[in-house]
């Protein structure tokens with residue numbers, strides 16, 4: 001069957017697939033095609049969340065998807081209400097998460113049953129009601145399926161232990177995990193702060209170039225899940241897993257070459273403390289939710305909060321994904337000036 005297609009390098013394939021799924025742009029009724037150097041992904045019409053060569057290609061029909069192309073077509077509601085159904089949903093292991101609009105709460109079970117039938121291998125569907133509290137635990141409501149919220153998620157060739165209810169993890173960041181890991185140079189020391197279940201650290205450790213990785217998170221559940229993933233990965237790079245307060249850790253932390261701070265709604269309060277422990281010439285990968293109307297001014301503010309333009313420069317700034325109708329998650333890579 002012919003379809004619009006997106007060609008991406010095979011090394012970026014998993015991250016691209018996740019980004020397309022998150023945006024509701026991947027056609028799940030057709031099989032992804034693997035070629036020598038590229039992945040060919042069947043995509044829906046309309047804007048795409050990532051760049052690549054857009055073509056028109058022939059694809060095989062995915063087994064079990066000879067029927068509807070969209071989960072919305074399986075939801076037993078009126079056509080008027082079907083038009084209001086969200087396009088995007090997240091897949092974490094064998095769990096599907098979706099944000100159900102307030103006006104469609106009563107249709108939650110029907111949405112859950114449709115997604116359970118539509119997503120290959122799905123075991124449980126939950127309504128995602130947001131991340132709350134200092135431990136960043138997600139409020140969930142089961143819509144369909146069986147079992148608990150713990151699962152084994154695969155991204156970038158790594159198996160990650162995840163409990164989507166009790167520890168922070170976002171499948172929408174798979175491309176960021178790979179991008180940051182690729183930036184790590186031979187022998188670098190790295191801090192992964194507010195690490196959740198540790199996908200940044202796991203990807204860096206898998207690649208094997210870092211000299212040492214230290215992770216810190218206050219949530220004991222996240223720490224135990226990360227330890228389980230590391231036991232399975234058995235990396236050659238030493239990874240130290242610490243449970244505790246990030247600010248307290250930073251007070252006595254030794255200087256490192258690279259730090260990751262992924263705490264999008266509160267991380268700015270730690271940025272100056274993180275900046276103080278990064279060596280001359282080192283980098284910070286910082287993530288923040290920013291209102292689109294404030295994007296232009298925010299970069300300078302981030303630099304000032306890190307320590308000022310005499311010491312810090314933003315060498316890369318990019319949108320990771322939409323966060324709300326008016327805001328987006330942005331990634332900032334800051335580099336410390338090399339001392340004379």
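When you go through (1) within 21 Å of residue 288 (Cα to Cα); (2) in a loop (DSSP other than H, G, I, E, B); (3) touching a strand residue (DSSP E or B) at 6+ places or on another chain (Cβ under 9 Å) one by one for residue 176, which number turns out not to apply?
Just one mismatch for residue 176, condition (2).
Hey, can you tell me all the residues within segment 196-228 that are under 24 Å from residue 273 (Cβ atoms), crowded, with 21+ Cβ neighbours inside 10 Å and touching a residue at least 60 places away in the same chain (Cβ under 8 Å)?
196, 200, 219, 222, 226
Which residue out of 60, 76, 36 is farther than 23 Å from residue 147 by Cβ, touching a helix residue (DSSP H, G or I) at 6+ places or on another chain (Cβ under 6 Å) and surrounded by fewer than 20 Cβ atoms within 10 Å (Cβ to Cβ)?
Details: 60 fails: touching a helix residue (DSSP H, G or I) at 6+ places or on another chain (Cβ under 6 Å); 36 fails: touching a helix residue (DSSP H, G or I) at 6+ places or on another chain (Cβ under 6 Å).
Residue meeting the stated conditions: 76.
Checking the condition over 14 Å from residue 27 (Cα atoms), outside any helix (DSSP H, G or I) and more than 26 Å from the chain's Cα centre (by Cα), which residue from 77, 100, 96 passes?
77
Surrounded by 14 or more Cβ atoms within 10 Å (Cβ to Cβ), free of Cβ contacts under 8 Å to residues at least 60 places away in the same chain and on the phi > 0 side of the Ramachandran plot: which single residue out of 126, 108, 145, 121 fits that description?
145
Within segment 1-22, which residues are in a helix (DSSP H, G or I), touching a strand residue (DSSP E or B) at 6+ places or on another chain (Cβ under 7 Å) and within 24 Å of residue 322 (Cα to Cα)?
13, 14, 16, 17, 18, 20, 21, 22
Which condition from (1) in contact with a helix residue (DSSP H, G or I) (Cβ under 9 Å, 6 or more places away or on another chain); (2) at pLDDT 95 or above is the one that residue 157 breaks?
The failed condition is (2).
Please tell me if residue 193 is in contact with a helix residue (DSSP H, G or I) (Cβ under 6 Å, 6 or more places away or on another chain), closer than 29 Å to residue 138 by Cα and either surrounded by fewer than 21 Cβ atoms within 10 Å (Cβ to Cβ) or free of Cβ contacts under 8 Å to residues at least 40 places away in the same chain (or both).
So residue 193 does not fit the description; no.
Only one of (1) modelled with pLDDT under 85; (2) surrounded by fewer than 16 Cβ atoms within 10 Å (Cβ to Cβ); (3) within 18 Å of residue 120 (Cβ to Cβ) is not met by residue 18, so which one is it?
Here residue 18 meets the rest and fails (2).
Select from segment 116-144 the residues that are closer than 19 Å to residue 169 by Cβ and touching a helix residue (DSSP H, G or I) at 6+ places or on another chain (Cβ under 9 Å) and list them in ascending order.
Answer for segment 116-144, where residues must be closer than 19 Å to residue 169 by Cβ and touching a helix residue (DSSP H, G or I) at 6+ places or on another chain (Cβ under 9 Å): 119, 122, 123, 124, 125, 126, 127, 135, 136, 137, 141, 142.
Could you list all residues from segment 312-337 that are closer than 14 Å to residue 276 by Cα and in contact with a strand residue (DSSP E or B) (Cβ under 6 Å, 6 or more places away or on another chain)?
Those that are closer than 14 Å to residue 276 by Cα and in contact with a strand residue (DSSP E or B) (Cβ under 6 Å, 6 or more places away or on another chain): 312, 334, 335, 336.
Any idea which of 275, 299 is in the same structural domain as residue 316 (by TED's automatic domain parsing) and surrounded by 19 or more Cβ atoms within 10 Å (Cβ to Cβ)?
275
Would you point out the residue of segment 230-246, among those that are within 20 Å of residue 131 (Cβ to Cβ) and in contact with a helix residue (DSSP H, G or I) (Cβ under 7 Å, 6 or more places away or on another chain), that is surrounded by the fewest Cβ atoms within 10 Å (Cβ to Cβ)?
So, considering only residues that are within 20 Å of residue 131 (Cβ to Cβ) and in contact with a helix residue (DSSP H, G or I) (Cβ under 7 Å, 6 or more places away or on another chain), the one surrounded by the fewest Cβ atoms within 10 Å (Cβ to Cβ) is 243.
Residue-wise test of (1) under 19 Å from residue 120 (Cβ atoms); (2) in the same structural domain as residue 128 (by TED's automatic domain parsing); (3) modelled with pLDDT of 90 or more.
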| site | (1), (2), (3) |
| --- | --- |
| 8 | no, no, yes |
| 11 | no, no, no |
| 25 | yes, no, no |
| 33 | yes, no, yes |
| 36 | no, no, no |
| 44 | yes, no, no |
| 47 | no, no, no |
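The values are calculated or read from the model by the stated rules, or taken from the named source; none is laboratory data. Quantities reported herein were computed from a predicted structural model and do not represent experimental measurements. Positions of Cβ are generated from backbone atoms using ideal geometry, with glycine treated the same way; all protein chains shown enter the neighbour counts.
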